[in-house]
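As structure tokens, the structure follows; a few thoughts come after it.
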Amino acid sequence: MSDAIEPFRLVVPESDLDDLRRRLAMTRWPEQEPVADRSQGAPLDRVRALCAYWRDGYDWRRCEAWLNGLGQHRTVLDGLGIHFLHVRSPEPDALPLIMTHGWPGSVVEFRKVIGPLTDPAAHGGDPRDAFHLVLPSLPGYGFSDKPTTTGWGVERIANAWTELMARLGYARYAAQGGDWGSAVTLAMAAAAPPGLRGVHVNTLTLPPPPGAADDAAPDVQAARALAKRYAEEEIGYARQQGTRPQTLGYGLSDSPAGQLAWIYEKLCAWTDSGGDAESVLGRDAILDDVMLYWLPNAGASSARLYWESFGAAALTRDVALPVGVSLFPSDITRAPRAWAERRLQNIVHWGEPARGGHFAAFEQPALFVREVRDGLRTLRRN
């Protein structure tokens, strides 16, 4: 099978955009929720307003032109076509870095960090902190192919990313990720392939060690409380995607309003925004992300990663490579350092920024860039 890397240019047919607008105009809405908060999900008035803008004001061609201008590519890895962005730094000694998104994210969540990471000098930074960026779309997400067989879990993706970096000619590189991207990145680190010098994650999911219930340390108690809240109030989406992704897919494939609400509810709940995702992301950025699910009909295929790996998302293997960790205050999980040190044997950075949530690069690009630079700076000497 060919290992060629092919340029990829995205040109969505206008008929697909006309179909989207038609479907939005014909949406059959549920009744108003009988509560004054978000305890029953995404509020009707907010979703209707965002869908109205999607139909009448949003410009997909703007996002399409940005993606095409960055340098999109596709290649076949382990039998599956993978879409990725490859943005090289003008600095010849830049450190190659593969960054992986999660659900319900996409490569567009990195939009505001690409420039500062690849060209620090142009953004008021130190050119010695430059990275060459490789930003793949997870299998079944965005414009990567959809697996037609089972088995595409976290570890297989990690192996594919290792092959991708080798195919690009990078003999020395780092990896970064949040959400599923964190799981993939830590799986790469645990495998420690030749060339991988270290990793940075902005989500850290770890099981509590024996005796954690009796640990009175404030960060341990906070972690346990956060895990309890997630299990009681947030985990429904993961149970559905992890057990019946196909059933969920019928609604997400047919209704753009349904696909938007499924993602929008999590953007509101998991950003450091007081429940108002538009205030930190903006309407256009939210819809750019949703479009990378709607256009390729990826509702079911993206959900299948939960079916494959949700029970194994927490790191259970030791990692000897250098690891940088950044825990943003409004993330859905915050493992205490004492738990992390049981698995991560060489923590080189532990950051706790003042603002931000689960979608760190999307929400707080400046803080995210600082954390990535700090978390990976020591690798440049290796």
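The values are calculated or read from the model by the stated rules, or taken from the named source; none is laboratory data. Owing to the predicted nature of the structure, the values given are computational and were not obtained by experimental measurement. Note that we place each Cβ from the backbone using ideal geometry, even for glycine, and neighbour counts take in every protein chain shown. With ligands, DNA and RNA removed, areas are computed over all heavy atoms of the protein, side chains included. Shrake-Rupley method; radii C 1.70, N 1.55, O 1.52, S 1.80 Å.
Estimated from helical segments only, the mean residue ellipticity of the chain at 222 nm is -13000 deg cm²/dmol, where each DSSP H run of four or more residues counts as -39500 (n - 2.57). Each part gets one Cα centre, and for the stretch 251-307 versus the stretch 151-208 those centres are 24 Å apart.
Largest first, the residues Trp294, Trp29 sort by 1.4 Å accessible area into Trp29, Trp294. Overall size of the stretch 260-336 from C-alpha positions, given as principal axis extents largest first: 41, 29, 19 Å.
Ranked by solvent-accessible area (1.4 Å probe, protein heavy atoms only, all chains present), the residues Asp19, Asp289 order from largest to smallest as Asp19, Asp289.
Computed with every protein chain present, the accessible area of Tyr53 is close to 40 Å² [probe 1.4 Å].
Evaluating kT/(6 pi eta Rh) at 20 °C and 1.002 mPa s, with the Kirkwood radius of the chain over Cα pairs in the Stokes-Einstein relation, gives 101 µm² s⁻¹.
Only Lys, Arg, Asp and Glu carry charge here, each on its Cβ (+1 for the first two, -1 for the last two); on that basis the stretch 1-55 has a dipole of about 280 debye about its Cα centre. Could you name the aspartates and glutamates in cross-link range of Lys228, using Cα to Cα under 20 Å and dropping any fewer than eight places away on the same chain? Candidates past the 8-residue exclusion: Asp179, Asp214, Asp215, Asp219, Glu265, Asp272, Asp331.
Partners of Lys146 within straight-line reach, counting aspartates and glutamates whose Cα lies under 15 Å from its Cα and excluding those fewer than 8 residues away in the same chain: Asp78, Glu308.
Of all lysines in the structure, those lying under 26 Å Cα to Cα from Lys112, and not within fewer than 8 positions of it along the same chain, are Lys266. Plainly put, the stretch 1-146 has a radius of gyration that is 1.07 times its Kirkwood radius, both from alpha-carbon atoms, as the Rg/Rh ratio. Summing Cβ point charges (Lys, Arg +1; Asp, Glu -1) relative to the Cα centre of the stretch 5-139 gives a dipole of roughly 320 debye. Please say if the stretch 52-210 is rounded, prolate or oblate, where rounded means a/c under 1.5 for a ≥ b ≥ c the square roots of the C-alpha gyration tensor eigenvalues, and otherwise the choice is prolate for a/b larger than b/c and oblate otherwise? Note, shape of the stretch 52-210 comes out rounded. Carbon-plus-sulfur accessible fraction, the chain (probe radius 1.4 Å, protein heavy atoms only): 49%.
About its Cα centre, the chain has a charge dipole of approximately 560 debye under the convention of +1 per Lys or Arg Cβ and -1 per Asp or Glu Cβ, with nothing else charged. With the convex hull drawn over the C-alpha atoms of the stretch 226-363, the volume per residue is 126 Å³.
Put Ser253, Ser279, Ser326 in order of accessible area, highest first, and with a 1.4 Å probe you get Ser279, Ser253, Ser326.
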